[in-house]
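Asker: Here it is: the structure, laid out below.
No lab work stands behind these numbers, since they all come straight from the coordinates. Values in this document were obtained by computation on a predicted structure and should not be read as measured data. Using ideal geometry, Cβ is built from the backbone for each residue, glycine included, and neighbour counts are taken over all protein chains shown.
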């Protein structure tokens with residue numbers, strides 16, 4: 001199992017700023033919710049270990065929210081690091097399909 005931060009970092013690589021497709025913390029939280037929910041439905045297991053809680057504006061993984069709250073409501077930009085890339089190709093393909 002992975003951490004929500006690991007999944008979030010990969011999800012952030014899927015944004016395409018060249019066409020105006022940016023990811024805010026709000027969008028990231030919703031994507032984590034969808035990825036976790038679809039994974040639970042498809043495989044009967046969690047993709048990441050952290051709990052998703054209900055906040056006023058939607059589902060939130062609190063640790064990920066705290067990590068990226070410095071971006072406020074703007075787009076999140078973090079450099080991609082191959083050293084931190086721990087996801088398997090299968091998991092990346094799965095996340096890609098949910099993202100699209």
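Asker: Given a 10 angstrom Cα cut-off, can you work out which residue in 84, 69, 30 is the most mobile in a GNM of the chain?
Answerer: Checking each option, the largest mean-square fluctuation is seen for 84.
Asker: Arrange the following residues from fewest to most other Cβ atoms within 10 Å of their Cβ: 33, 65.
Answerer: Taking fewest neighbouring Cβ atoms as first place, the list is 33, 65.
Asker: Using the Kirkwood radius built from alpha carbon pairs, what does the Stokes-Einstein equation give as D for the chain at 4 °C and 1.567 mPa s, in µm² per second?
Answerer: 94 µm²/s
Asker: Which of 43, 77, 68 moves most in a GNM of the chain, Cα contacts under 10 Å?
Answerer: 43
Asker: Mean-square fluctuation check for the chain, GNM, Cα pairs under 10 Å: which of 18, 51, 62 is largest?
Answerer: Top of the fluctuation ranking is 18.
Asker: What shape does the stretch 43-85 have by the C-alpha gyration tensor, where a ≥ b ≥ c are the square roots of the eigenvalues, rounded means a/c under 1.5, and otherwise prolate means a/b greater than b/c and oblate the rest?
Answerer: Oblate is the answer for the stretch 43-85, as a/c is 1.5 or above yet b/c matches or exceeds a/b.
Asker: Also, I was wondering about something else. Residue 86 to residue 34: FRET efficiency via 1/(1 + (r/R0)^6), r the Cβ-Cβ distance, R0 30 Å, to the nearest 0.05?
Answerer: Taking R0 as 30 Å, the efficiency between residue 86 and residue 34 is 0.90.
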